[in-house]
1. Taking a ≥ b ≥ c as the square roots of the Cα gyration tensor eigenvalues, with a/c under 1.5 meaning rounded and otherwise prolate when a/b beats b/c, else oblate, which class fits the range 205-335?
2. Mark the label point 7 Å from the Cα of Ser213 along Cα→Cβ and return the residues of the range 163-198 whose backbone N is within less than 15 Å of it.
3. Roughly how many debye, to the nearest 20, is the charge dipole of the range 3-366 about its Cα centre, given +1 on each Lys and Arg Cβ, -1 on each Asp and Glu Cβ, and no other charges?
4. Enumerate the lysines that Lys315 could reach by cross-link, defined here as Cα to Cα under 18 Å, with residues fewer than 8 away along the same chain left out.
5. May I ask you to order 233-243, 190-200 by the average number of other C-beta atoms within 10 Å around their residues, highest value first?
6. Can you send over the carbon and sulfur percentage of the accessible area for the chain, probe radius 1.4 Å, protein chains only?
7. Amide H of Phe328: which non-local residues (sequence gap of 5 or more, or other chain) have their own amide H closer than 5 Å, using H built in the peptide plane?
8. Need the full-extension length gain, Ile235 to Asp131, defined as separation in residues times 0.36 nm minus the C-alpha distance. One decimal, nm.
Amino acid sequence: MKSRDRVLAALHAEHYDRVPVGPFIGYRAAEAVGISLRDYYTNGKNIARAQYALQQEVGHDIMITAADTYYISEAFGMKTRHYENALPTALPLFSELKETRSLKVPDPEHDGRMPVYLEAADEMKRLVGDDICIRGTGTGPFSLAAYLFGEAKFLMMLADFESGNSSAEEEKLLHTLLEITSDTTIAFLKAQIDRGVDLIYMGDSFASAEMISPDYYRKYAFPYHKKVFDTMFPICRERGAFTLLHICGDNRSVLRDFQAAGVDIIEIDQKVDIGFARTLLGPEANLIGNLDPSQTLLRGTPDEVYSRSREVIQKGVSVDEGAGAGHFILGSGCFVPTGTPVENLKQMVRASRDLGNGFQVSGQAHGIT
Ligand SMILES: [Zn+2]
């Protein structure tokens, strides 16, 4: 079975041979072709070439265009520094909300480093066609707004709003800003779907429950997440693509809110038990996750990765009769770090191959063989 078909079948709870494997590999791929991080995140062809080389070695089912954080922010005019062997860093663009009045939705085809990631999607599609699933990249509206001010400053601004130390005009400006950042995310995601990306990804980790309270999430992030997913939903259905949300950390208090925002697939961080997420979100929820990238994938032995992969698959896969079996992709809880051994990544695929038969009994009733 081809990787892309396997992933789509798991998400549709249709017949498939084994649980798909898609660890969140971004810049880790650079070392597969021996290039610097800078040469990776500034050149879409390099991203595609490196992702493909690693996929050929490991045999996982999803290639990902992701690498760093500030490629959209650069399009707003944010100054970033690039380093030979480190991810970019950024300087805040604004210190007051009124400065955002001049902000416009950038053009993903030309502005910032968005074109690099679009080129990566183009090149991946050229390399693998419909054989391997392609996962895109994208930053969510809350994080984009936070980057513009610097994260600490942005949090203090929200605290001022909550304690009543701000004017109605400022509150309006903040929501206008979040509308602009949402429209920016949407424009970038649409550009990727046009290139044949299968998993339309949005990461918004600054909206994590480890950074803001559930009340803040519901007020300042949820409406904009919902806007993004409501807009993308009909386009994804038409093209056979799925939306995917990643927010780092222990988000047990807001996982149901993520689901209510209308996203198709939720990536579960390693701090949340995958069995807990399955029970909380229900048998029809599409989940991806959640090996610990550092403790298990980077530092674990191959045997540890193998047994942990089996455990995560067994807890993550839905075997509910009504919902159909599947709805799960074996992945990592967050970005796979530089230096993660290829042998460890291979153990994820090995566990999935071995467990294909493990589901055969229930599979005959539920569609997995
Ligand atoms: Zn993360």
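The values are calculated or read from the model by the stated rules, or taken from the named source; none is laboratory data. What you are looking at is a predicted structure, and each value in this text was computed from that prediction instead of being measured. Methodologically, a virtual Cβ is constructed for each residue, glycine included, from the backbone with ideal geometry; neighbour enumeration extends over all protein chains shown. The accessibility values were calculated without ligands, DNA or RNA, using every heavy atom of the protein model including side chains. Shrake-Rupley method; radii C 1.70, N 1.55, O 1.52, S 1.80 Å.
1. Judged from the Cα gyration tensor, the range 205-335 comes out oblate (a/c at least 1.5, b/c at or above a/b).
2. Only 163-165 fall inside the zone, counting backbone N under 15 Å.
3. Magnitude of the dipole: close to 320 debye.
4. Candidates past the 8-residue exclusion: Lys271.
5. Packing proxy ranking, top to bottom: 190-200, 233-243.
6. Numbers: 6780 of 13950 Å².
Percent of accessible area from carbon and sulfur atoms in the chain: 49.
7. Answer set, sorted by chain and number: Leu287, Ser318.
8. Values: separation 104, 0.36 × 104 = 37.44 nm, distance 2.17 nm.
Length difference between fully extended and current span is 35.3 nm.
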